[in-house]
Amino acid sequence: MADLELRGVRKAYGAFDVIKGVDLSIAEGEFCVFVGPSGCGKSTLLRMISGLEPITGGEVRIGGEVVNHLGPAERGLAMVFQSYALYPHMTVRQNLSFGLENMRAPKAEIEARITTAAQMLQIEKLLDRRPKDLSGGQRQRVAIGRAVVREPRVFLFDEPLSNLDAELRVEMRGEISRLHRRIGNTMIYVTHDQVEAMTMADKIAVLRDGQLEQFGRPLDLYNAPANLFVAGFIGSPRMNFFPGRIDRGAVRLATGDVVALPALRFEADEGKEVTLGIRPNGLRPADSGLRLTVASVERLGGESYLYGNAPDGTPVTVHCAGQTTVEPGADIPLALDTGEVHLFSAKSGRSLRKDIRS
Amino acid sequence: MASFLTRTRGKGRLHWTDWASYAYLLLGVFIMFAPVLWLVVSSFKTEAELQHYPPRLLPYIQKTITLPGHDEPLPVFKVTRGELAGQEVAQVRRIGLVSQVVRPEDPQTIVKVSISDRAPVERVALATTNYSKLFARFNFPRFFWNSLFITVVATAITLLVNAMAAFALSKYEFRGRGTVMALVIGTLMIPQTVVLVPLFLVVREFGMINSLWGVIIPGAATPTGVFLLRQYMLTIPDEILDAARMDNASEWKIFWRIILPLSAPALAVLAILSIMWRWNDFLWPLIALSRSENYTLQLALNSFQGEFTTDWASLLAMTVLTLAPIAAVFAFLQKYIATGIASTGGK
């Protein structure tokens, strides 16, 4: 039973399509992350679900019921905004109670819900302060608290961590995940940060130009990206791409190297132009193979990254476990782990794997 | 703050530019306050003192004395020449250049003294009768109430109406929003005197001539107010409004609970402007109100200036009473003008 379902949802500003028909179904209790580069329409899509943005076409269903015509509050959702959007002239307590008062909840219940939420988010001591007297992390908690007290069917988060510094962001990330495990509501979370998406999500929806590129579990997206865009977007550092052509069941790269393909895994017609993708940890320094001119080396202690170019100029990143002795300027051969190879159509960008229908 | 105000260019001692600055500022203070002080001091002078030439800075009152056989208190003079020289006498009446006086010890015996041989005995004192007379002889409380009613009600209506217009013009997207805004601003270019006659006709059709509402309603919506509030409301983040919508707040509630409190600094500025406009307004009340029981203070002040005589003492006293409330309002609200932008609660 899908808790939230989008069917052919479209949004147009005049003749300009922002959301070009998205179908999506999020099960009850799932933590779903919308991720994509800026301008891909992920925030617009969230606002359309929330009801703040009217829908041009298609249907939004919550709990099986079409909610297109309902206003934001009637949909039983709560939203956490990027700028927190706390009411500056109200105390934290008033911020939390405002929504409940508007729904004419009894006073005792408001008080009880605020107490519970404040304990859960550890903001009991801040209840009588005003937002301007709070730190960024505290404001964030209050913003989440304002959503929690409403006890909504679905939580919506619009890039809630983008205003926090790196350390606090990691901390709040864990906190939101814990909150999800604790109250178990459906949550939709918008971010442009694929690390946030990978670490928090049950399901990730990758969006680009108002279209859903792929929807699935984080590791499914990582292991079996449906197209070049998802392959490049998910995973850090990003996947290496080499242009090539199918030649007698193998891939002949533009560099002249030939990569053998595991049989039966790809739908590859002879002579087809393809892009071969391989993640940095599918490459390793070897005695012979693809040549890499190393431009820079990042030594992180436990692992190292080599950045450089293949002979045809393609940028290449290599992940090495442990500490490497390779120096910038070196010219080293690389071996490819053929089990890690992804193959995409050069023309459409689609994955050529047989088990992916995109 | 203190170090900022006492900052000088010269270190240790004053540079000549410091002297120049202080002199310039003191001149400004003098130009600003001298007329007001002169007004306040003069309002405590008797009619006779006001006519005194050359004018004197402080209010003087001639000493009077009540003597048996005379109903009225008599003004006291000191004789400067003649046989009574050096004595204080009370003047009973004056005929031409001769003053008929009596000595306090002998109130029945009239002595004639040339008016050039006597000088009034005066002391510095406040003629508070100028003020008490306002209440005794004129219906000052009535005028004051009229002014107060018009100012308070009109300001309240102005704030509400202008804030609602500004809210719509700043936070809602609709076709013709720019045009409406341009029209509102455009009305600033039409002088009030041009619309005076049409306005009069409209107000008369509504039967509001000679009613305080006839003064209040026509000026309730001001382009300046709409513009000022709109510019301020544009700075309130839309996300706060969205958050309120998610919180089940109606648009009216958003206006009332979110927009108005957050616009407080701009509303305070508009309130001060509106209070000053309304309190000092003269032309339109003069046209709309013709019965004296509806007069505002400004109209009442005007009525002291007759064709042949002017009751300066009452005029000045009432002017002071008219100034006092507006000065108090300004002193109370001026800190809001300086108060900066309210914290938006965002990043």
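Readers should treat all values here as calculations from the given coordinates under stated rules, not as data from a laboratory. For clarity, every value in this text was computed on a predicted model and none was experimentally measured. Glycine also receives a Cβ, built like all others from the backbone with ideal geometry; neighbour counts cover every protein chain displayed.
Working note: Cα atoms of region A:232-345, range along each principal axis, descending, whole Å: 43, 26, 23. Cα centroids of region A:88-143 and region B:173-219: how far apart, whole angstrom? For region A:88-143 versus region B:173-219, the Cα centre distance is 45 Å. Averaged over peptide A:133-141, the number of partner chain Cβ atoms lying within 10 Å of each residue's Cβ comes to 1. Other protein chain C-beta atoms within 10 Å of residue C-beta, averaged over B:259-267: 1. Remark: mean inter-chain Cβ contacts per residue of A:176-186 equal 0, using a 10 Å Cβ-Cβ cutoff to other protein chain atoms.
Among A:CYS320, A:CYS32, the ranking by other beta carbons within 10 Å of each residue's beta carbon, starting with the fewest, stands as A:CYS320, A:CYS32. Only alpha carbons enter this Debye calculation for region A:129-279, each as an equal point scatterer, and the log10 of I(q)/I(0) it gives at q = 0.10, 0.13 Å⁻¹ is -0.51, -0.72. Listed peptides B:94-100, B:127-133 appear in the order B:127-133, B:94-100 once ranked by packing, highest mean of other Cβ atoms within 10 Å at the front. Placing +1 on the Cβ of every Lys and Arg and -1 on the Cβ of every Asp and Glu, with nothing else charged, gives region A:280-351 a dipole about its Cα centre of roughly 280 debye. For chain B, the longest principal axis of the C-alpha atoms and the axis of helix B:177-186 are separated by about 20°. The phi torsions of region A:189-199, fed into the Karplus equation with coefficients 6.51, -1.76 and 1.60 and a -60° offset, translate into couplings of 10, 9, 8, 9, 9, 5, 5, 4, 4, 5, 7 Hz, rounded to whole numbers, with Gly and Pro shown as x. Centre-to-centre, using Cα atoms only, region A:196-228 and region A:36-78 are separated by 20 Å. For region A:1-60, a Kirkwood radius taken over Cα pairs fed into Stokes-Einstein (20 °C, viscosity 1.002 mPa s) yields D = 180 µm²/s. From the largest down, region B:214-347 spans 69, 29, 20 angstrom on the principal axes of its Cα atoms.
Dipole magnitude for region B:60-124: computed about the Cα centre from +1 point charges on Lys and Arg Cβ and -1 point charges on Asp and Glu Cβ, it is near 220 debye.
Ignoring lysines fewer than eight residues from A:LYS107 along the same chain, the ones with Cα atoms less than 27 angstrom from its Cα are A:LYS125, A:LYS132, B:LYS253. Residues whose amide H lies under 5 Å from that of B:TYR60, counting only those 5 or more places away or on a different chain, are B:THR46, B:ALA125; hydrogens are built 1.01 Å from N in the peptide plane. Note that region B:157-172 has calculated 3J(HN,Hα) couplings of 5, 4, 4, 5, 5, 5, 5, 5, 5, 5, 4, 4, 6, 9, 10, 10 Hz, one per residue in order, obtained from phi through the Karplus relation 6.51 cos²θ - 1.76 cosθ + 1.60 (θ = phi - 60°); glycine and proline are x.
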